[in-house]
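Here is the structure we will look at, set down as structure tokens.
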Amino acid sequence: MRETFLGRTGLRVKRLGFGGIPIQRVTEEEAIEVVRRCHELGIDYYDTARGYTVSEERIGKALEGVRDDVVLATKSGRRTSEELLDELDVSLRNLRTDWIDVYQLHNVSSMEAWEQVKGPGGALEALLQARDDGKIWHLGITSHDPAILTEIVRESIFETVMIPYNYLTLKPEEALLPLCQEMNVGTISMKPFGGGVFSNANTALKFVLGEERVDIAIPGMMSVAEVEENVGVASGGLELSEAELELIEGDKEELGSQFCRACGYCQPCPQGIPITFLLRAEGQFLKRMGWRPGTEERFEDAIQRAEICLECGECEGRCPYHLPIRQLLKETSASLGRLVDERRALT
Ligand code: SF4
Ligand code: SF4
């Protein structure tokens, strides 16, 4: 598999890393099997977060005994020094280690949040202290907004950035990736598969790995088959065929930029509306899984729940992609309702 240096951290890692979100959704036994298969096949960068429920614990269990062979990266969304130190200790225990190779500030979504982090009593104080104490070796930051990261990178504090990058999320190419290259900051692509909406995962991964200014891609993986497939792509040629270029164009046309990436930041909705499920029901759920027993009822239930939307807009304020969620919920509900009616007429 291809390797690279992760910016000025000096860490030499495979360009395919492991994204730790989906192993929350399988059993512990399955999760451990997936992580161990990654290690067997040479993946050496493992990304997780304090916010991913059991993910750290599972990775810690799976990689105990091979700690020195791997790079562990985790993150905290806490903004004060005290809170961050508490979370760091939990992460160290969960990951069964005395140090975190790359510790990241999670989802810094505004300059106000950044000002809080670096102000008196802010999380940055704790990060620097923990680095002096040897609990953290390198500092990273993550955000869904490349403009914010571009500003923060200029302050020369962080050695890595993590950002969504894929063929429908190209904004990082404008300023962030060139700046990171100039400043030798490591770049990590999250959501290489656009949250699972793209037509072909292999093509999407090739696209991301084909961008040399991206050091690592960290697709989420929850089965051994997915691990093997991704390792195959990361070990093979990256040139996109004519057919793959056409497929990318097709996705661009169909999805535009207004599609849900399943990041979940819009939740919780005060009315309990399953926003992510509704926005992805047709393009992702139905396209991949087809109609199954109970699908019609599940759609109808979600449509009914969307009817009690208060139009408060809280979800939109939190969506890092600035999606017009209220409008999209209306359109999606109408379209799903039509699909259910058509299905019922046929069966
Ligand atoms: S606008 Fe509707 S969907 Fe969004 S948070 Fe408010 S109630 Fe929930
Ligand atoms: S609507 Fe926006 S915030 Fe919510 S899951 Fe989709 S992309 Fe994320």
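Laboratory data are not the source of any read-out in this text; all were calculated from the coordinates shown. Small disclaimer: the values here were computed from a predicted structure and weren't measured. FYI the Cβ positions are ideal-geometry reconstructions off the backbone, even for glycines, and counts take in every protein chain you see.
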Can you list, largest first and rounded to whole Å, the semi-axes you get for region 146-242 by taking the square root of 5 times each eigenvalue of its Cα gyration tensor? 25, 13, 12
With r defined as the distance between the Cβ atoms of LYS330 and SER110 and R0 fixed at 22 Å, what FRET efficiency is calculated, to the nearest 0.05? 0.20
Of LEU209, THR80, THR347, whose Cα points farthest to the positive end of the dipole of the chain (charges on the beta-carbon: +1 Lys, Arg; -1 Asp, Glu; origin at the Cα centre)? THR347
Kindly identify the chain as rounded, prolate or oblate by the Cα gyration tensor criterion: order the square roots of the eigenvalues as a ≥ b ≥ c, call it rounded if a/c is under 1.5, otherwise compare a/b with b/c, prolate if a/b is larger, else oblate. prolate
Among TRP99, ILE148, GLN327, whose Cα lies farthest out toward the positive end of the dipole of the chain, if unit charges sit on the beta carbon of Lys, Arg (+1) and Asp, Glu (-1)? GLN327
Under the 0.36 nm per residue contour assumption, what length would be gained going from the current alpha-carbon distance of GLU249 and ARG25 to full extension? 77.5 nm
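Report the charge-dipole magnitude of region 244-347 in Debye, nearest 20, computed about the Cα centre from +1 at each Lys and Arg Cβ and -1 at each Asp and Glu Cβ.
Rounded to the nearest 20 debye, it is 320 debye.
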How would you order 52-63, 29-40 from highest to lowest mean count of nearby Cβ atoms within 10 Å? 52-63, 29-40
Quick one: which residues, 5 or more positions from TYR45 or on another chain, have an amide H under 5 Å from its amide H? H modelled 1.01 Å from N in the peptide plane, none for Pro or chain starts. LYS14, PHE18, VAL71
Expressed as a whole-number percentage, the relative contact order of region 198-347 with C-alpha contacts under 8 angstrom and at least six residues apart is 22
Hull surface over four for the Cα convex hull of region 275-346, reported in nm², is 4.9
Projected onto the charge dipole of the chain (unit charges on the beta-carbon of Lys, Arg, Asp and Glu, signs +1, +1, -1, -1), the Cα from PHE299, THR9, GLY195 with the largest positive-side position is that of PHE299
Which part of region 99-130 falls in the paramagnetic zone of GLU155, meaning amide N under 11 Å from the point 7 Å along Cα-to-beta-carbon? 111-120, 122-125
Using 30 Å as the Cα-Cα cut-off, could you pick out the over-long pairs in LYS118/LYS330; LYS118/LYS191; LYS61/LYS287? LYS118/LYS330; LYS61/LYS287
Could the peptides 69-78, 111-120, 268-277, 219-228 be put in order, highest first, of the mean number of other beta-carbon atoms found within 10 Å of their residues? 69-78, 219-228, 268-277, 111-120
Tell me the label-point distance for the pair LEU238, SER223, using the 7 Å Cα-to-Cβ offset, in nm and rounded to one decimal. 2.7
Here the percent of antiparallel bridges among DSSP beta bridges lying wholly in region 21-175, to the nearest 5, is 10
Among SER81, SER235, what is the fewest-to-most ranking by other Cβ atoms within 10 Å? SER235, SER81
Can you give me the Cα centroid spacing of region 1-28 and region 187-222 in angstrom? 12
Residue-averaged [θ]222 nm for the chain, counting only DSSP H segments that reach four residues, each worth -39500 (n - 2.57): -13000 deg cm²/dmol
Using the Cα centre of the chain as the reference point, and only Cβ charges (+1 on K/R, -1 on D/E), how large is the resulting charge dipole? Debye, rounded to the nearest 20. 320
Reciprocal of mean inverse Cα separation for region 88-216 (Kirkwood radius, Å): 15.6
Two-site label geometry, PHE5 and ARG213: point separation in nm, points 7 Å out along Cα→Cβ: 1.9
